[in-house]
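K.L.:
A single structure is presented below for examination.
The values are calculated or read from the model by the stated rules, or taken from the named source; none is laboratory data. None of these values were measured; they are calculated from a predicted model. Note: ideal-geometry Cβ built from the backbone for every residue, glycine included; neighbour counts use all protein chains shown. What goes into the accessible areas is simple: the full protein's heavy atoms, side chains included, and nothing from ligands, DNA or RNA. Shrake-Rupley method; radii C 1.70, N 1.55, O 1.52, S 1.80 Å.
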Amino acid sequence: MNRPIVYVARFIPEYRRPILEKLNEQLDGRLTVCAGTFRDPSFKDLSRGPAAGYRRIDLKNRWIGNQRALIQNSRPIFRCDPIVILAEESPRTISLPWLLATARLKQIGTLLWGHFSSNRRVFSNRNLLDCYRLALAKRVDGCVCYTDEIADLIRPYVPVERRFIARNTLDTDKLFRIYETLEAEGKEHVRARLGIPVQEKTVVFIGRLVADKRPEVLLDLHKELCTKDNTTLIIIGDGPERNRLMTRAQDEGLRNVFFPGTLTKLEDSAPWMYAADVMVCPGYVGLNVNHAFSLGLPVVTCTSPDPQIRYHSPEITYLKIGVNGMLADYGNLDSLVNATLRVLENQTHFSLHAYEYARSHLQSKDMIDGLVQSIKYAESCAMIRRSQ
């Protein structure tokens, strides 16, 4: 009997569920997902309960210091008798070293999957937290990196045979199908059924409405764009900033600003995004880049406030300036306006390249293939240790 492959995470976002389902298929039904819950009220896009195909085990999360750190009860993981543990690479999970050390003692293959670095700090082998992350990376059988750039980052510390790339993405198969359906309907018809002005230039944002994403800048941008042409703004998401944004839009008499709320299902958010001409993110970006590109939507975001740090999540590397999106200077509204206008004035060019990039670089199959490759390697390492 083939033993389980266990994926361990702090919590499972809903967007990760279809990827895990497809991974489970590639693993012949051996995947077990072990995760807890997240208590941040602004993070509503969580997968709860079992999914089709893979087994789900709920772990007890003990959050410490306003959710800055986490201890997980790992005993249920080992009751599964796994052959490989694929663990989320998160320095917040302070029980992770114990999990990995116990797995090695039990001759279980070990993998870490994640960033291996911080978005908000210069990566350095002299930084204590980075040293901690590297120490764990060196001890596991393999490191599964979100992007090619992350793999390059840890190249001096992890041998090539133990570095794997599973380019982080969404359920692009579903997104491409939705895109084709919306294309057949046509942008004007989609806008009309959503109640969006058919002929106006349209800007969209999708994400949590938290201060770090600087959503208030969207209203400033909207005001500036409206002085040049009739423009519509769509803000998809929820969070602590939403009520303030809605109040400000009403108080300032801003026309054609839409707040659809949180749309966790791709089929619900896709029409709103497809209806737009450009996605603008005044703060940091992540998988919303993949989301936009898969619907033929170019992206405008900002540079890092500090050139020495990444600031954005690793998915920023998918944005190619002048091809599928633009970067504006951080904190410079004029620069953001100009970058957005450049995309709007050349929308067909940017849209075509955004969709082509998603098709050629962001397929969910490639991500799953990278995960399967790493799991097979860790499984062979475990079997070798057991035979010695």
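K.L.:
Check Leu371 against each of (1) open to solvent by 60 Å² or more (accessible area, probe 1.4 Å); (2) within 30 Å of Tyr7 (Cβ to Cβ); (3) touching a helix residue (DSSP H, G or I) at 6+ places or on another chain (Cβ under 6 Å) and name the one condition it does not meet.
P.N.:
Condition (1) is where Leu371 drops out.
K.L.:
Name the residues in segment 1-34 that are of a type in the set (A, V, I, L, M), more than 22 Å from Leu362 (Cβ to Cβ) and modelled with pLDDT under 95, would you?
P.N.:
Selection gives Met1 alone.
K.L.:
Here's a check for you: in segment 97-117, which residue that is open to solvent by 10 Å² or more (accessible area, probe 1.4 Å) and within 15 Å of Asp130 (Cα to Cα) is nearest to the chain's Cα centre (by Cα)?
P.N.:
His115
K.L.:
Where residues in segment 82-96 are in contact (Cβ under 8 Å) with a residue 60 or more places away in the chain and not in a loop (DSSP other than H, G, I, E, B), which of them is nearest to the chain's Cα centre (by Cα)?
P.N.:
Checking each candidate, the answer is Glu88.
K.L.:
Okay, next question. Given the conditions (1) open to solvent by less than 10 Å² (accessible area, probe 1.4 Å); (2) without any contact (Cβ under 8 Å) to a residue 60 or more places away in the chain; (3) part of a loop (DSSP other than H, G, I, E, B), report the number of the one that Leu297 does not fulfil.
P.N.:
Answer for Leu297: the failing condition is (2).
K.L.:
Please verify whether Leu175 is touching a Gly at 6+ places or on another chain (Cβ under 6 Å), surrounded by 22 or more Cβ atoms within 10 Å (Cβ to Cβ) and touching a residue at least 40 places away in the same chain (Cβ under 8 Å), treating the condition exactly as stated.
P.N.:
Spelling it out, it is not the case that Leu175 is touching a Gly at 6+ places or on another chain (Cβ under 6 Å), surrounded by 22 or more Cβ atoms within 10 Å (Cβ to Cβ) and touching a residue at least 40 places away in the same chain (Cβ under 8 Å).
K.L.:
So which of Val158, Val122 is at pLDDT below 95 and in a loop (DSSP other than H, G, I, E, B)?
P.N.:
Val122
K.L.:
Any residue at all in segment 125-133 that's closer than 30 Å to Ser380 by Cβ and in contact (Cβ under 8 Å) with a residue 40 or more places away in the chain?
P.N.:
yes
K.L.:
Determine which member of the set Thr340, Thr317 is open to solvent by less than 10 Å² (accessible area, probe 1.4 Å), part of a helix (DSSP H, G or I), in contact with a helix residue (DSSP H, G or I) (Cβ under 9 Å, 6 or more places away or on another chain) and polar (S, T, N, Q).
P.N.:
The conditions single out Thr340.
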